[in-house]
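Quick notes on the structure that follows.
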Amino acid sequence: QVQLVESGGGLVQAGGSLRLSCAASGFIFKINTMGWYRQAPRKQRELVAAVTRGGSTNYADSVKGRFTISRDNAKNTLYLQMNSLKPEDTAVYYCNAEFFTRENFWGQGTQVTVSS
C-alpha cells in the first residue's frame, strides 16, 4: 500500500502561481508513475500531468507551458508548479501513484480556486 498526502492548494487570482506537494509513504519502491489529476464540479476527473520513475513526463494540452511536474525520489515527494493560473484551472487536485503492477492509489485531494 501507499499513502499520499497533498498540500499547497488554496485561493489565488488569475495569473498567479501555486505549488502543490504530495508526500508518499509506504511501499515507495513499487511506484512507477506518479501524477496529478483534477476534478472540477460536474466534470470527470482528468489527468493534469504525470512523471515516471525514469523522469518521462506527460501533460494535458491545457496546462502545457504553464504547469511543471517534478518528482524528488529521495524525499518521496511529488510537486506540481502551476503558473499563469486561469479560472478554468479551478478544481480539486488529486495525487496519484501507480505501481509497476498498475495498482493505483489516490490522495484525499486539495482544492485549488482561481478567481478572475
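Listing for the model above:
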| read-out | value |
| --- | --- |
| Distance (nanometres) between label positions extended 7 Å along Cα→Cβ at Ser25 and Thr52 | 3.0 nm |
| Surface per residue (accessible, 1.4 Å probe) for the chain, Å² | 53 Å² |
| Calculated FRET value between Ser17 and Thr101, using beta carbons and R₀ = 30 Å, to 0.05 | 0.25 |
| In Å², nearest 10: area of Asp61 left accessible to a 1.4 Å probe | 120 Å² |
| Largest to smallest accessible area among Ile28, Ile69 [probe 1.4 Å] | Ile28, Ile69 |
| Heavy-atom accessible surface of the chain: percent carbon and sulfur, 1.4 Å | 48 percent |
| Proximal charge balance of Gly15 [Cβ under 14 Å; K/R count +1, D/E count -1] | 0 |
| Theoretical gain in end-to-end length, Gln1 to Gln111 [0.36 nm per residue, Cα-Cα removed] | 37.2 nm |
| Fluctuation leader among Gln44, Gln81, Gln13 - the chain, Gaussian network, Cα springs under 10 angstrom | Gln44 |
| Distance histogram for the stretch 2-64 (every C-alpha pair counted, 5 angstrom bins, percent rounded to whole numbers) | 4, 13, 19, 27, 22, 10, 5, 1 |
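The values are calculated or read from the model by the stated rules, or taken from the named source; none is laboratory data. Predicted model, so just to flag it, every value in this text is computed and none were measured. Neighbour counts run over all protein chains shown; Cβ positions are idealised from the backbone, glycine included. Areas reflect the complete protein model, heavy atoms only, side chains present, ligands, DNA and RNA absent. Shrake-Rupley method; radii C 1.70, N 1.55, O 1.52, S 1.80 Å.
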